[in-house]
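A quick write-up on the structure given underneath.
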Ligand code: NAD
Ligand code: ZN
């Protein structure tokens, strides 16, 4: 089969021919139809410090995918050959305190598909049956391929009730734009999105943002003025990993404001802790998706709202056949894009 692989420890990737993965007794084998590029995949190609410290070559990369079940292990029930499915890319240990309490997203030994074990930029991928999310037969395959990042956005955005709240999202990458659509869907009053890229802010407007702020020219104070807001934002969703964005957000929260942080900073940074304390701000770190309540919530939003489906589809801006993985990666790296997909069905 074709597989986009890291063959040696160092920069670069290669599309190689290799044997199909074996399906163990508790596993499911999926013929990949679509796969999505994530910032993680760019780090793996470039081989930064994180990649060098994390990855053992050889490795097939990729963790955002949708496809058709072609084989199920002998111990598997509830997943049938022929079903369409997306995959949860975090594989948990099942025995740590949090796993045993049913809080699997908090597992202390999480392994990543396409990071710590072979992934989905290939014709076939094998994952434990517990990580399979069976999709309705009529789902658009492109939408099926973005459930992983949509899950990050859903997990972050639905930390607190949003009905009537003023929500600020820093970072209009694919996940920030999806979060804008979720906040709109979930009943927020105002949804404000900031980024440094006009291209990406246009995507956020298309997905339901009321006001967008280009941080190279404006700040969140300007958004508050434009909307006639008097006290500050109630809920903040940090989707950039940029320290400056966190500072701007903190400066514009109401007392008692709640901030969920998904964006990963490149290094440690300073924060005005006096403001966090005196403004009684709640900060919560978010990683991955809740297994499987996040999957349930996003599936129902997709199933019940045409507006929501259209908003999420609009985040997918580029599609490439698998052989064109290099221009696909270059497009994702340029930032002049929303979500970039690879079509493995051809
Ligand atoms: P992305 O890199 O495509 O988007 C980040 C956006 O932030 C970019 O558009 C960038 O222009 C913008 N930005 C940079 N500085 C800014 C500033 N000062 N103010 C506002 N915006 C600014 O990333 P993505 O794929 O949309 O993911 C969002 C973030 O979430 C990334 O940091 C990613 O690493 C992280 N992430 C975390 C998890 C998790 O489980 N915690 C999972 C996936 C992604
Ligand atoms: Zn565990």
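The values are calculated or read from the model by the stated rules, or taken from the named source; none is laboratory data. These figures come from a predicted structure and were not determined experimentally. So basically every Cβ, Gly included, is an ideal-geometry build from the backbone, and we count neighbours across all protein chains shown.
Given the criteria surrounded by 15 or more Cβ atoms within 10 Å (Cβ to Cβ) and under 20 Å from residue 145 (Cα atoms), does residue 81 qualify? So that I can check it myself, show each step before the final result.
Numbers: surrounded by 15 or more Cβ atoms within 10 Å (Cβ to Cβ): no; under 20 Å from residue 145 (Cα atoms): yes.
The answer is no for residue 81.
Working only within the stretch 26-43, note down all residues that are within 13 Å of ligand 1 (Cβ to nearest atom) and in contact with a strand residue (DSSP E or B) (Cβ under 9 Å, 6 or more places away or on another chain).
36, 37, 38, 40, 41
Is at least one residue of the stretch 300-312 surrounded by fewer than 21 Cβ atoms within 10 Å (Cβ to Cβ) and modelled with pLDDT under 95?
Checked against the condition, which is being surrounded by fewer than 21 Cβ atoms within 10 Å (Cβ to Cβ) and modelled with pLDDT under 95, the stretch 300-312 yields no hits at all.
Residues are listed down the side, and each one gets a yes or a no for (1) assigned to a helix (DSSP H, G or I); (2) touching a strand residue (DSSP E or B) at 6+ places or on another chain (Cβ under 7 Å); (3) within 14 Å of ligand 1 (Cβ to nearest atom):
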| residue | (1), (2), (3) |
| --- | --- |
| 250 | yes, no, yes |
| 257 | no, yes, no |
| 263 | no, yes, yes |
| 266 | no, no, yes |
| 274 | yes, no, no |
| 284 | no, yes, yes |
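Among the candidates 34, 2, single out the residue that is modelled with pLDDT of 95 or more and surrounded by 20 or more Cβ atoms within 10 Å (Cβ to Cβ).
Selected residue: 34, the only one of 34, 2 that is modelled with pLDDT of 95 or more and surrounded by 20 or more Cβ atoms within 10 Å (Cβ to Cβ).
Select, from 164, 171, 144, the only residue that is away from ligand 1 (no atom under 16 Å from the Cβ), at pLDDT 95 or above and on the phi > 0 side of the Ramachandran plot.
Only one candidate qualifies: 164.
For the stretch 299-346, what are the residues that are in a loop (DSSP other than H, G, I, E, B) and in contact with a strand residue (DSSP E or B) (Cβ under 7 Å, 6 or more places away or on another chain)?
315, 337, 338, 344, 345, 346
Could you tell me how many of the residues in the stretch 76-104 are in contact with a strand residue (DSSP E or B) (Cβ under 7 Å, 6 or more places away or on another chain) and within 13 Å of ligand 2 (Cβ to nearest atom)?
Number satisfying all stated conditions: 2.
Pick from 68, 74: which is touching a residue at least 12 places away in the same chain (Cβ under 8 Å) and either closer than 30 Å to residue 325 by Cβ or within 16 Å of ligand 1 (Cβ to nearest atom) (or both)?
Working: 74 fails: either closer than 30 Å to residue 325 by Cβ or within 16 Å of ligand 1 (Cβ to nearest atom) (or both).
Matching residue, one of 68, 74: 68.
Go through 67, 112 for me and flag whichever is surrounded by 16 or more Cβ atoms within 10 Å (Cβ to Cβ), part of a strand (DSSP E or B) and within 16 Å of ligand 2 (Cβ to nearest atom). Before you say what the answer is, go through the steps one by one.
Numbers: 67 fails: within 16 Å of ligand 2 (Cβ to nearest atom).
From the options 67, 112, the qualifying one is 112.
Provide a single number: the residues in the stretch 86-115 that are within 14 Å of ligand 1 (Cβ to nearest atom) and either modelled with pLDDT under 95 or more than 30 Å from residue 140 (Cα to Cα) (or both).
Summing the residues that are within 14 Å of ligand 1 (Cβ to nearest atom) and either modelled with pLDDT under 95 or more than 30 Å from residue 140 (Cα to Cα) (or both) in the stretch 86-115 gives 2.
Evaluate the stretch 48-61: report whether one residue or more is in a strand (DSSP E or B), more than 15 Å from ligand 1 (Cβ to nearest atom) and at pLDDT 95 or above.
Looking for residues that are in a strand (DSSP E or B), more than 15 Å from ligand 1 (Cβ to nearest atom) and at pLDDT 95 or above, one finds at least one in the stretch 48-61, hence yes.
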